[in-house]
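Before any comments, here is the structure.
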Amino acid sequence: MHEFVIARGVVESLREFSLRTGRRVSSFRVLVGELSMLNLEVLGEALGRLVEESEVRGASFTVDVEPAEVGCGSCGHVMSFGEAVSELGEEEKEAIHFLPDLIASFTVCRRCGSHDLRVVSGRGVSVRDVTGTE
Amino acid sequence: MSRARNSSKGPLDYRELLIEARLRDVSRTVLVTGGKGGVGKSLIAATAALLLSRSNNRTGLLDLDLHGPSSCLILGVEDSPVEAEDGLIPPIVGGVKVMSVDLLSRGRPLPLTGRAKEEVVKEVLALTFYGRLDYLLVDLPPGTGDELLTVSRYVRRRGEAIVVTTPTTLSLQVAKRVIQILESMTLKIVGVLENMHAGGGSPSKELAREAGIEFLGAIPYDPSLDGRVGRLRPDELLSTRFAESLREILRQASYHL
């Protein structure tokens, strides 16, 4: 449900970008880290609604997923999203959904068993490829 | 315009403006800092939050001691934050809205490196919905690491800091470094608060004088707390000599008590 908060933050950052640069936003891309396990449909709907209610009205956008990779600082092994979350329950996944870096608290390296994990990619949400007209 | 604001190059960070909006809803954000571990920052932050709440202030407590969160243990917080359209709504104990990563990690270790700590702090600040607050107490880990730097970046214009020390040379030496960092970030330093004072003079007074900041006072060592922190209910914590001393010091320092 915090997809709504994220959508609000995305649209606010675009509105501020537009005010600061004096450019009208015509398109943008939202990259969603796989680890955040956000509901893309809910996020897309919230974005669509908020864009139309804001100063960036009419901007087109896409929502894409960035695949997650979790690296082990001890042995160098890199885990895919599926490998990293394969043994986690719903409660653990929900915590990671809010704070993706908590993956290191809940899982261990599948190769060496270490908790020394760091998110290499696919952590959170970012707004990219913003295009605008003068 | 905030220095934390998105630049025009590279990706936009959706959290920046959310954090600013959240903090605008808080009248006073108070960072509870110190150089050394074990000086009582967390107990002071949690007790101060309870005292302020008891005096009818809308109060929140944010535990950003990511590697050693203890606010929830001190206050006996058991409920989880609730997900809502406005964000994560913190549980309330003793009238205080309490947020901690520990409420999500549930006692597990947090093996976070620098970049990850910054990400976690930003996400917690962006996602937590406190609503309107008179006071937000922020419990920080010892030293001058990512947690202090990241939160200071956002609160600098409306934030203030209390530097907690104990009457030991080591505590005072490292507190100096924290003061230097806070000053470099133009954060208002309310003053130095000495904890576990054992009688006689307060060496923290000299530290405050040298740094040109206020000496707020000294909280006498309270043996009644030994082994009981984390087992006291909010009412019991507030009835200790420790809490009474803290109340008087904060009142003198213009907190609404």
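Bear in mind these aren't lab numbers, they're just calculated from the coordinates by the rules spelled out. Since we're looking at a predicted model, the values are computed, not measured. Cβ: placed from backbone, ideal geometry, glycine included. Neighbour counts: every protein chain shown.
Students often get this wrong, so check it: of A:LYS93/B:LYS41; B:LYS41/B:LYS176; B:LYS36/B:LYS97; B:LYS36/B:LYS117; B:LYS122/B:LYS176; B:LYS97/B:LYS176, which have C-alpha atoms separated by over 21 Å?
With Cα atoms farther than 21 Å apart: A:LYS93/B:LYS41; B:LYS36/B:LYS97; B:LYS122/B:LYS176; B:LYS97/B:LYS176.
May I ask you to compute the full-extension gain from B:HIS67 to B:ARG132, defined as 0.36 nm times their residue separation minus their alpha-carbon distance, rounded to one decimal in nm?
In short, 20.6 nm is gained.
Pulled fully out, how much extra length does the chain show between B:ASP235 and B:ILE92, if you take 0.36 nm times their separation in residues and subtract their Cα-Cα distance?
Using 0.36 nm per residue and subtracting the Cα-Cα distance, I get 50.0 nm.
Taking Cβ-Cβ under 4.7 Å as the only way to count a partner, pick out the unpartnered cysteines of the protein assembly as shown.
B:CYS72
Relative to the present Cα-Cα distance, how much length would full extension add between A:VAL78 and A:GLU52 at 0.36 nm per residue of separation?
Answer, rounded to one decimal: 5.3 nm.
Between the alpha-carbon centers of region A:61-134 and region B:67-137, tell me the distance in whole angstrom.
Here the two parts' Cα centres lie 20 Å apart.
Kindly state, to the nearest 0.05, the FRET efficiency for A:SER26 paired with B:ALA253, given R0 = 45 Å and r defined as their beta-carbon distance.
0.30
Give me the percent of DSSP beta bridges within the protein assembly as shown that run antiparallel, rounded to the nearest 5.
The antiparallel proportion sits near 35 percent.
Evaluate E = 1/(1 + (r/R0)^6) for B:GLU214 and A:SER60, where r is the Cβ-Cβ distance and R0 equals 45 Å; express this FRET efficiency to the nearest 0.05.
In this case the efficiency is close to 0.25.
Treating each Cα of region A:69-121 as an identical point scatterer and ignoring solvent, apply the Debye formula and state log10 I(q)/I(0) at q = 0.18, 0.28, 0.31 Å⁻¹.
-0.47, -1.13, -1.35
For chain B, what relative contact order do you get, as a whole percent, if you take Cα pairs closer than 8 Å and at least 6 residues apart?
After rounding, I find 25 percent.
Relative contact order for region A:69-121: what is it in percent, counting Cα pairs under 8 Å that are at least 6 residues apart?
Computed value for region A:69-121: 47 percent relative contact order.
Taking only Cα atoms, what is the 0 to 90° angle, nearest 10, from helix A:3-21's long axis to the longest principal axis of chain A?
So the helix axis and the longest Cα principal axis differ by about 50 degrees.
Select from region B:186-257 those trypsin sites (Lys or Arg not before Pro) which occupy a DSSP coil region and have at most 13 other Cβ atoms within 10 Å, ordered by residue number.
Passing both the DSSP loop test and the Cβ count: B:ARG228, B:ARG231.
In a Gaussian network model over chain B where Cα atoms closer than 10 Å are linked, find which of B:GLU194, B:GLU160, B:GLU210 has the largest mean-square fluctuation.
B:GLU210
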